[in-house]
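Read through the structure below, which is laid out as structure tokens, and then see the notes.
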Amino acid sequence: CMSAVVDQDEAPVPELRRLRVDQVVPNDANPRLDFPQDELDRLADSIDQEGVLVPIVVYESDGMFVLVDGERRFRCARDLGHETIPAVITAERSERELLQQMFNIHLIREPWRDIPTAKALQKLAHEIEVAEEREPNDQELRALTGLSIERVRQLRYVVQLPDEWQDYIREGTIPLNFFWELKKNVIDALQKNRP
């Protein structure tokens, strides 16, 4: 009698299904902090006319489906009263794996705004620090996220700014580049040339 050998490392194949909207829950780890109403309105108009054309991505947890990608599509479908939504069901991942996947998804599509990206990068660095008991360097974060080294450095710097200044960046009152250029060309130069 021969027994079948199953590769333990083999991940389950993602499955495409229609899920009831009330079975889907947002992901608390989603780095996207802002959902501008004008963007949601444009997407809702499209979904109202064409339906959800790109499936959301979810994993199953405790009888519900947790969003990995597609929160805006999910919100619009829910708000429009859709009963079901197309979804790709994947295996549950660690928070670190989810953050890496979210970075890579949003590099291909619409990038996150500065503050959500900075917070996500900070969270990813924290996950690495906890798991490996060391702080990751900029090159490692670049390799994991696909961001440029300059962008990684900007984002790691911006989370050190006072909350009020981060609010200016989030609101678009003052761009992140203002603070970054101030650091590089004034603050760093003064520290370097200080007698």
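Coordinate-derived values only; no laboratory data. Being a predicted model, the structure only gives us computed values, none of them experimental. All Cβ positions, glycine included, derive from the backbone under ideal geometry; neighbour counts span all protein chains shown.
General observations
- Convex hull (Cα only) mean projected area of the chain, reported in nm² to one decimal: 16.1
- Length gained when the stretch residue 182-residue 167 is fully extended (0.36 nm per residue, less Cα-Cα span): 3.7 nm
- Region 146-195 versus region 82-101: alpha-carbon centroid distance in Å: 32
- Theoretical FRET efficiency, 1/(1+(r/R0)^6), r = Cβ-Cβ of residue 92 and residue 174, R0 30 Å, to 0.05: 0.15
- Simple rule: put +1 on each Lys or Arg Cβ and -1 on each Asp or Glu Cβ in the chain, find the dipole, and look at 88, 177, 63; the Cα lying farthest toward the positive end is 177.
- Amide H partners (placed H, <5 Å) of residue 68, local residues excluded: 57, 58, 59
- For peptides 67-75, 43-51, 136-144, sequence by mean Cβ density within 10 Å, most packed first: 67-75, 136-144, 43-51
- Over region 59-195, relative contact order from alpha-carbon pairs under 8 Å, at least 6 apart, %: 19
- Helical contribution to [θ] at 222 nm, DSSP H n ≥ 4, -39,500 (n - 2.57), averaged over the chain, rounded to 500: -15000 deg cm²/dmol
- Beta bridges from DSSP with both residues in the chain: antiparallel share about 65 percent, rounded to the nearest 5.
- Within straight-line cross-link reach of residue 183, lysines at Cα separation under 16 Å, skipping those fewer than 8 residues along the same chain: 192
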